[in-house]
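Undergrad: Let me give you the structure first, and then I'll get to my questions.
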Amino acid sequence: MKKTTLADISLLFVAFIWGSTFVIVQKAIQFLPPHFFNGTRFLIAALLLLIFMKKKSKFSLTLLGSGMFLGMFLFLGYAFQTVGLLYTTSSKTGFITGLSVMIVPLFAIWILKEKPRSIVFLSAFIGALGLYFLTIGDKMSMNIGDLLVFFCAIAFALHIIFTSKFSSKHGAIPLTIVQLSTVSLLSFISSSMFEKTSFTYDALFNRDVIIALVITSIFATAIAFLIQTKFQQFTTAPRVALIFAMEPVFAALTAFIVINERLSGSGLIGCLLIFIAMIVTEFPDFKEIKRIKQKHGM
């Protein structure tokens, strides 16, 4: 099996894990504040990877810098997403997070100096239209949770971009450990600043919280980010983003199966438009189509 194919399959598995955990996280943060939940989740995941790390692996200053930089964007993404889940639905969270698929190619032009593709701008327009339909619901306004999740999409897009830049330069496990440790530290700092009186530590032993911490720490954090860090070096950032476009589909299906969560008519239209935008992002550019036609004498 080619490395690119293996990378695609592995990253699709990551999208499935992330999409299917929105519901259990949403249940858990009813008992445990978002930042404290994330701090605990990422700390457990970092410790698990530390156990399996080879003794030969070293934490150089360059690796620490790269990992902390990636961890900062990862923290922002999960902070906005988890807090946003308090105010909006799992399905909407999944699809708004999926907007990162369109944001990645736009940022790749600016940060990775990739050549601009006109199809990306068409995709961004369709995605923005989809976001409008998805977030208005029955009221002509954006929910605060929707806005927070939109900021999460921007942070995740930047994380994907810079993971492409750093993943081939460092070992996957140590780089992932530094990322996860950074998220944990920043989450606990945020929790101490904003969540001082909002919970008791007894909430840690709530059944929904324990299930969520076990599943998210092991599968959605330790394993998922190790896979992303390991395999993203074998593919491009826009392609990774396209694979992650399946995350909101898995999120909506899980929300429907587990808690019978349904979207409104306008919400379904918005989801469809966002999904179309995600797919359109990877279509050949108009100039590329013209070049292909000329090559084949069409």
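The values are calculated or read from the model by the stated rules, or taken from the named source; none is laboratory data. Being a predicted model, the structure only gives us computed values, none of them experimental. Ideal geometry is used to build each Cβ from the backbone, glycine not excepted, and the neighbour counts take in all protein chains shown. Quick note on the areas: whole protein, heavy atoms, side chains included, nothing else; ligands and nucleic acids left out. Shrake-Rupley method; radii C 1.70, N 1.55, O 1.52, S 1.80 Å.
Undergrad: How do 235-244, 17-26 rank on mean C-beta neighbours within 10 Å, highest first?
TA: Peptide ranking by packing, descending: 17-26, 235-244.
Undergrad: At 7 Å along Cα-to-Cβ for each site, give me the label-to-label distance between residue 61 and residue 86 in nm.
TA: 4.0 nm
Undergrad: Which value in nm describes the separation of the simple spin-label points at residue 47 and residue 125, placed 7 Å from the Cα toward the beta carbon?
TA: 5.2 nm
Undergrad: A 30 angstrom limit on the alpha carbon distance is what I want to check against. Which of 115/230; 165/196; 54/115 exceed it?
TA: Details: 115/230 26 Å; 165/196 37 Å; 54/115 39 Å.
Table pairs above 30 Å Cα-Cα are 165/196; 54/115.
Undergrad: If you stretched the chain out fully between residue 68 and residue 189, how much longer would it get, using 0.36 nm times the residue separation minus the C-alpha to C-alpha distance?
TA: In short, 42.1 nm is gained.
Undergrad: Starting from the Cα-Cα distance between residue 283 and residue 111, subtract it from 0.36 nm times their residue separation and give me the gain in nm to one decimal.
TA: Separation in residues times 0.36 nm, less the Cα-Cα distance, equals 59.8 nm.
Undergrad: Which net charge results for the neighbourhood of residue 9, defined as the other residues with beta-carbon distances under 12 angstrom from its beta-carbon, given Lys and Arg at +1 and Asp and Glu at -1?
TA: +1
Undergrad: Using all C-alpha to C-alpha distances in the stretch 198-254, build P(r) with 5 Å bins and read off the rounded percent in each one.
TA: Calculated P(r), rounded to whole percents: 4, 15, 15, 21, 17, 12, 8, 6, 3.
Undergrad: Counting only heavy atoms of the protein chains, get the accessible area per residue of the chain (1.4 Å probe) and round it to a whole Å² value.
TA: Here the per-residue accessible area is 49 Å².
Undergrad: In addition: With runs of 4+ DSSP H residues as the only contributors, calculate the mean residue ellipticity of the chain at 222 nm using -39,500 (n - 2.57) per run, divided by the residue total and rounded to the nearest 500.
TA: -23500 deg cm²/dmol, from helical runs alone.
Undergrad: Let me check I've understood the local charge: for residue 251, count other residues with C-beta under 10 angstrom from its C-beta, Lys and Arg +1, Asp and Glu -1. What total comes out?
TA: -1
Undergrad: So, one more: For the stretch 68-76, just list the computed ³J(HN,Hα) in residue order, Karplus coefficients 6.51, -1.76 and 1.60, θ = phi - 60°, integers in Hz, with x standing in for Gly and Pro.
TA: These are the phi-based 3J(HN,Hα) values: 5, 5, 5, x, 4, 5, 5, 4, 4 Hz.
Undergrad: Here is a follow-up. Out of the total accessible area of the chain (probe 1.4 Å, heavy atoms of protein only), what percent is carbon and sulfur?
TA: 71 percent
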